[in-house]
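Below: one structure, written as structure tokens.
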Amino acid sequence: MKNKTPQTLLPKACATSIFEMSGAEFEPDIAAKMWSKIINHKWILSEKVGRDVGLRTACIDFLENMEQAHDEYRTYKQKDILMEMGAQTFSREMWDTIADSQPPKQLVQRRIILPLTEEALAQKHGVVHPRAIIFFGPPGTGKTHFVKAIAGVLSWWYVEILPSMLMVDGVEKVGANLREVMQKAGNLDEVVLFVDEFEEIAGSRDKADRIDKSITNEFLKQIPLLKNQKNKILLVCATNYIRQLDAAMLRPGRFDCIIPVGGLDRQGRTTILEYYIAKLNTGQINMDKLIEMTSGLTPADIQYLFDQVAYFSFEQEIIDKKDYRVTTDTFIQIISKVPPSLSHEVIEEFEKDRITYSRV
Ligand SMILES: Nc1ncnc2c1ncn2[C@@H]1O[C@H](COP(=O)(O)OP(=O)(O)O)[C@@H](O)[C@H]1O
Ligand SMILES: [Mg+2]
């Protein structure tokens, strides 16, 4: 809908216009702030009724329903931002595909989910939920999966900030784009804001070039701004390389928790295996044997194993033209193609990082 109304006026002119249209008197400075809201309200009202409602109507309606109009505008604005930022939703069930024993599920449940779902109780006891956290750990251990599962269990939006989103206007503009993206995100409510490959935008400034330094600086500035917002925003940053982050990022006061995401124990594997087995055309499967066989595999390895098994069984049926069922033997045949991606060195280094960097 076209908007022919002047967007900006001098404060005094705003006060005069509002007075002429509604008879209400305001100080020029207050009137100036109100003016832009009236313009927005005119647009929303016009969209609602499908015709241009005119400034006088918008002004009177705005003054009569100021609180509601403000909420309506926020909702409209949020919808736009969510679309623009590619917001997604995830089902609650995702949380259930993670075993209680898979770290850091219990920790996340206690420190993040409970204070948000038991808000009144948290307030009673002065518990403040974390607003910015870091997940670190080797690739494929389920960091991204956790973030999506958190959004799912909270029924919040999931918005991912990809380094590529920040690079669209060339490297020189990354800092400015980061600021803009974070400011936009600050208008949202009930959102998990996810920054993957965090080391790319928050790397150590010691050896960085001018541009990388400015990006890290910008991010350091943005965290407290985001944390001060009243709305429900959880910033989660994930990295495979915690040692590459700038030391200032890791100091208390920036991130509330720095959480390791490590390997799977028996129970963790069992839950994931059951989840993937349910998708196959199965015959007899010896679970104990499968759990043994998959020792040392990450969730990503297990997913890859099941992709291979699924494709194998599909092909067998095409070749033999009869029902093919996946059994323990199928896994025995395929498992040699899936070596554990975490070497002993990687696990050892991660254990050191866990001791040095964890803050929960
Ligand atoms: N608990 C889980 N249940 C089922 N699949 C999982 C689970 N955790 C991770 N995955 C799958 O394993 C793969 C790797 O996990 P991801 O979260 O991408 O790891 P990371 O971000 O640490 O590299 C993803 O495809 C994800 O869907
Ligand atoms: Mg990931």
Could you tell me which residue of the range 181-221 is farthest from ligand 2 (Cβ to nearest atom), considering only residues that are of a type in the set (Ser, Thr, Tyr) and touching a Gly at 6+ places or on another chain (Cβ under 9 Å)?
-> 214
Filter result (of a type in the set (A, V, I, L, M) and in a helix (DSSP H, G or I)) within the range 90-105 = 94
Hey, residue 288 without any contact (Cβ under 8 Å) to a residue 40 or more places away in the chain and part of a helix (DSSP H, G or I) or not = yes
So is residue 150 at negative phi, buried (at least 18 other Cβ atoms within 10 Å of the Cβ), in a helix (DSSP H, G or I) and without any contact (Cβ under 8 Å) to a residue 60 or more places away in the chain or not?
-> no
Close pairs from the range 201-216: first outside the structural domain of residue 172 (by TED's automatic domain parsing) and in contact (Cβ under 8 Å) with a residue 12 or more places away in the chain, partner among the aliphatic types (A, V, I, L, M) and surrounded by fewer than 14 Cβ atoms within 10 Å (Cβ to Cβ), Cβ under 8 Å, at least 6 apart = none
Candidate set: the range 130-147, residues that are more than 8 Å from ligand 1 (Cβ to nearest atom) and in a loop (DSSP other than H, G, I, E, B); chosen: the one farthest from residue 192 (Cα to Cα) | 130
Residues being more than 11 Å from residue 240 (Cβ to Cβ), under 13 Å from the mean Cα position of the chain (by Cα) and either buried (at least 18 other Cβ atoms within 10 Å of the Cβ) or of a type in the set (Gly, Ala, Ser) (or both) - total across the range 189-205 | 5
Of residues in the range 29-55 being of a type outside the set (D, E, K, R) and loosely packed, with under 13 Cβ neighbours inside 10 Å, the one nearest to residue 72 (Cα to Cα) = 49
Name the one entry in 72, 47, 67, 25 that is outside the structural domain of residue 148 (by TED's automatic domain parsing), assigned to a loop (DSSP other than H, G, I, E, B) and not hydroxyl-bearing (Ser, Thr, Tyr).
-> 25
Being over 30 Å from residue 37 (Cα atoms) and not in a loop (DSSP other than H, G, I, E, B) narrows 181, 159, 127, 108 down to just 108
Give the residue, chosen from 288, 246, that is surrounded by fewer than 19 Cβ atoms within 10 Å (Cβ to Cβ) and more than 16 Å from ligand 2 (Cβ to nearest atom).
-> 288
Within the bounds of the range 108-120, is there any residue that is surrounded by 13 or more Cβ atoms within 10 Å (Cβ to Cβ), within 16 Å of ligand 2 (Cβ to nearest atom), of a type in the set (Ser, Thr, Tyr) and not assigned by TED's automatic domain parsing to the domain that holds residue 297?
-> no
Would you confirm whether any residue within the range 327-338 is on the phi > 0 side of the Ramachandran plot and either at pLDDT 95 or above or outside any helix (DSSP H, G or I) (or both)?
-> no
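The values are calculated or read from the model by the stated rules, or taken from the named source; none is laboratory data. The model shown is predicted, which means the values in this text are computed figures rather than measured ones. Because the Cβ atoms are built from the backbone with ideal geometry, glycine has one as well, and the counts that use them run over all protein chains shown.
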